[in-house]
Amino acid sequence: MYNEKVREAFANPKNVGFIEDADGVGKVGNPTCGDIMEISLKIKDNVIVDAKFRTFGCAAAIATSSTATEMVKGMTIDEALKLTNSQVVEKLEGLPPQKIHCSVLAEEAIKEAIKDYQSKNK
């Protein structure tokens with residue numbers, strides 16, 4: 001069901017955990033499948049310098065969390081806000097159609113974390 005890239009991201013996820021002094025935290029869930037994704041960000045001079053995730057979900061949810069956190073590291077806030085679930089799926093070289101919602105959660109969690117950061121730094 002999953003390609004090699006997704007299996008690898010699931011078996012060896014990067015950025016697992018939580019940044020204790022995070023500048024922004026986003027937590028989203030999908031009531032239909034039960035997946036919950038939390039992403040914490042460390043931001044310095046408008047650039048994401050670290051990103052970590054805690055995800056309760058299937059292999060695709062973990063793979064998309066890992067991939068999305070890797071992708072946003074080094075991005076500015078504006079660049080990260082433009083990250084789409086399609087870009088995450090492309091980086092993973094595809095997901096089964098019934099698992100695309102996992103990539104949407106990753107996109108939403110990052111945007112929520114940035115929104116949290118921005119609300120604290122107005």
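When shorter helices are ignored and each DSSP H run of at least 4 residues is given -39500 (n - 2.57), the per-residue value for the chain at 222 nm works out to -13500 deg cm²/dmol.
Antiparallel as a % of all DSSP beta bridges within the chain, to the nearest 5? Could you put the intermediate results ahead of the total?
Values: 16 of 17 bridges.
Given both bridge residues lie in the chain, the antiparallel proportion sits at roughly 95 percent.
Percent of alpha carbon pairs in the stretch 4-120 separated by more than 23 Å? Before the final figure, lay out each step's value.
Numbers: 1286 of 6786 pairs.
Cα-Cα pairs in the stretch 4-120 separated by more than 23 Å: 19 percent.
Going from the fewest other Cβ atoms within 10 Å to the most, the residues ASP45, ASP50 appear in the order ASP45, ASP50. Annotation for the stretch 97-122 versus the stretch 39-85: alpha-carbon center distance of 8 Å. Once R0 is set to 22 Å, what does the formula 1/(1 + (r/R0)^6) return for the Cβ-Cβ distance between GLN118 and LYS5, expressed as a FRET efficiency to the nearest 0.05? So, using R0 = 22 Å, E works out to roughly 0.10. As a rough guide to protection, the peptides 85-98, 61-74 ranked by mean Cβ packing within 10 Å, highest first, stand as 61-74, 85-98. For LYS42, which lysines qualify as cross-link partners when the Cα separation must be under 20 Å and same-chain residues fewer than eight apart are set aside? Candidates past the 8-residue exclusion: LYS14, LYS27, LYS52, LYS73, LYS82, LYS111, LYS115, LYS120, LYS122. What does the charge add up to near LEU92, with Lys and Arg as +1, Asp and Glu as -1, over the other residues with Cβ less than 12 Å from its Cβ? It works out to a net charge of -1.
FYI, it's all coordinate maths here, none of it is from the lab. Remember, it's a predicted structure, so these values are computed and weren't measured experimentally. Please note: Cβ atoms are built from the backbone with ideal geometry, for glycine as well, and neighbour counts cover all protein chains shown.
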